[in-house]
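Undergrad: Here you go, one structure.
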Amino acid sequence: MASFRDLPIRPDLRDQQPYGAPQLSVPVQLNVNENTFGIPSEVGERILSRIFEIIPKLNRYPDREFMELRSSLARFLGGSLTASNLWAANGSNEILMQLFQAFGGPHTKALSFGPTYSMYPNIARISLTPYVELPREVGFGLTAEYVRSAIERERPGIVLLCNPNNPTGTPIGREVIEAAYAAFDGILIVDEAYAEFAPELSVLELLRGRERLVISRTMSKAFAFAGVRLGYMAASPALVDAVRIVRLPYHLSALTQAAALAALDFAETMLANVELIKLQRDRIIRELADMGLSPYESKANFILCGGFSDAAEAFQKLLDHGVLIRNVGIPNTLRITAGTAEETDQLLAAIKGTQG
Ligand SMILES: *Cc1c(COP(=O)(O)O)cnc(C)c1O
């Protein structure tokens, strides 16, 4: 049987592996930062009724411009945003891919600051965009001066700032984002995948007058809708128009649009567990520190924790106890999603059992 490497695949892809965290079915799954509270039944009923309404029209292509969904997303974000400022795709990974297709390419460098979201280099590679990841400063922070001088030195066409940052949970100050925008004339992408856990960090208000700024969001994390695949962005109408050039026609199915509209009808209900998740996050941080481990502060729904003598071994021992977390490849360090109180109980008991 031939391997894909025997096919005339692009040489730059020949040594790659398909990206993705292990998908294992175990009792406690805290590895990909999902909201582990389920979908409330009233929202499930609205999803069904929204989908039932469109079934007679499924023989037709969906609304290619999905104006109803873009209006609903604009209302959800608030401020003076309208449908012309919004765009959506199958997860914010697709949003990022469309941005790289429109603004990246072989002659445009993309810059970010690591450790950060591991899909950035993949999306850059797939879109043939050179990618540079400079190290973050102490405690994984970033200062305006550091980011400004990095941008002036590297001369990127795209800068990616993840706020709060995955996998570290670190916030980025507003002054850093303002300084980054002013330091170049390319596209600044602020990835706010976890914004609902720290609304005070959002820079949506900076959009006014900044037509090269993009704020990427997703319904996969706080919104408890990872299975639907709905990511979106807010930006200037001109930037949205640029993305419309590269999107495949009808990329957002009518079923996806209907499900997302239903969830937005119940946005408050969908986000009702955010505060409970933050309580569990802070409890996990306290208890890991009490065990002698080294958790970092986090503004998101996950914790990066150092102090494991062997991260790969600790990961495997926890898995043997039915607890799946994430080895993000930082030495002695693992990333843990905060979920329900019961999941925290099982997680902490498992860690105690393996560290003791
Ligand atoms: C999870 C995540 C995303 C993408 O998630 P989608 O499910 O594709 O919307 C984007 N950025 C960061 C930083 C993430 O952690």
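Undergrad: Of all the residues that make up the stretch 192-222, how many are away from the ligand (no atom under 16 Å from the Cβ) and open to solvent by 10 Å² or more (accessible area, probe 1.4 Å)?
TA: Summing the residues that are away from the ligand (no atom under 16 Å from the Cβ) and open to solvent by 10 Å² or more (accessible area, probe 1.4 Å) in the stretch 192-222 gives 11.
Undergrad: When you check R50 against the structure, is it buried (at least 17 other Cβ atoms within 10 Å of the Cβ) and more than 16 Å from the ligand (Cβ to nearest atom), yes or no?
TA: yes
Undergrad: Right, here's the next one. Given the residues S220, S216, S236, which is the only one that is touching a residue at least 12 places away in the same chain (Cβ under 8 Å) and within 23 Å of V43 (Cα to Cα)?
TA: When all the criteria are applied, what remains is S220.
Undergrad: Any residue at all in the stretch 164-186 that is open to solvent by less than 30 Å² (accessible area, probe 1.4 Å) and without any contact (Cβ under 8 Å) to a residue 24 or more places away in the chain?
TA: So far as the stretch 164-186 goes, no, none of its residues is open to solvent by less than 30 Å² (accessible area, probe 1.4 Å) and without any contact (Cβ under 8 Å) to a residue 24 or more places away in the chain.
Undergrad: Still on this model: Any residue in the stretch 71-90 that is in the same structural domain as E192 (by TED's automatic domain parsing) sitting within a Cβ distance under 7 Å of a residue that is away from the ligand (no atom under 16 Å from the Cβ) and of a type in the set (V, I, T)? List the pairs, counting only those 6 or more apart or interchain.
TA: Between residues of the stretch 71-90 that are in the same structural domain as E192 (by TED's automatic domain parsing) and residues that are away from the ligand (no atom under 16 Å from the Cβ) and of a type in the set (V, I, T), the close pairs are A74/T82; S84/V240; N85/V240; W87/V240.
Undergrad: Looking at (1) in contact with a Phe, Trp or Tyr (Cβ under 7 Å, 6 or more places away or on another chain); (2) within 13 Å of the ligand (Cβ to nearest atom); (3) open to solvent by 10 Å² or more (accessible area, probe 1.4 Å), which is the only condition I123 fails?
TA: Evaluating I123 over (1) in contact with a Phe, Trp or Tyr (Cβ under 7 Å, 6 or more places away or on another chain); (2) within 13 Å of the ligand (Cβ to nearest atom); (3) open to solvent by 10 Å² or more (accessible area, probe 1.4 Å) leaves (3) as the failure.
Undergrad: Surrounded by 21 or more Cβ atoms within 10 Å (Cβ to Cβ) and assigned to a strand (DSSP E or B), is that true of L304?
TA: Yes; evaluated as a whole, the condition is true for this residue.
Undergrad: Taking helices (runs of 4 or more DSSP H) that fall entirely within the stretch 224-275, which contain at least 2 residues that are in contact with a Pro (Cβ under 9 Å, 6 or more places away or on another chain) and within 13 Å of A89 (Cα to Cα)?
TA: 254-265
Undergrad: Condition test on I189, is it free of Cβ contacts under 8 Å to residues at least 60 places away in the same chain and either within 16 Å of the ligand (Cβ to nearest atom) or surrounded by fewer than 16 Cβ atoms within 10 Å (Cβ to Cβ) (or both)?
TA: So I189 fails the test.
The values are calculated or read from the model by the stated rules, or taken from the named source; none is laboratory data. Here the structure is a predicted model, which is why all the values come from computation and not from measurement. All Cβ positions, even for glycine, are placed from backbone atoms using ideal geometry, and neighbour counts span all protein chains on display. Areas reflect the complete protein model, heavy atoms only, side chains present, ligands, DNA and RNA absent. Shrake-Rupley method; radii C 1.70, N 1.55, O 1.52, S 1.80 Å.
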